[in-house]
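Sharing a structure here in structure tokens format.
No value in this document is a laboratory result; all are computed from the given coordinates. These numbers were taken from a predicted model, which means no experiment stands behind them. Positions of Cβ are backbone-derived with ideal geometry, glycine not excepted, and every protein chain shown enters the neighbour counts.
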Amino acid sequence: MEWTKTINKGEQQPTLAEAQAFVGGWVERFEFDNGDLALCDEEGLMKGYEVNPVVWDNYAEMLVGKVIIIKSEARDRNSEEGWG
């Protein structure tokens, strides 16, 4: 399983539909202390998804299921579109 998709500087951020398709449901945002942003399934725990090992190993956070990580330097915080 592809647990995590990472968006780096210069790469296009996913649309809402693309994010929903990857995580498998409603998208929830989670910001890490370093400014990276995670997009995960809002109902992942209710669906019984496992802890994402990539997120756990790199961020020590217990997000479940598939996760899109938008690196801090890839985020456009001034845009009205996208994930901020």
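So if I check each of 33, 41, 57, which one is out of contact with any Cys (no Cβ under 8 Å at 6 or more places or on another chain) and under 15 Å from residue 5 (Cβ atoms)?
Unique residue meeting the criteria: 41.
Right, next: Tally the residues that are closer than 19 Å to residue 77 by Cβ and in contact with a helix residue (DSSP H, G or I) (Cβ under 8 Å, 6 or more places away or on another chain), restricting the search to segment 21-32.
So the answer is 2.
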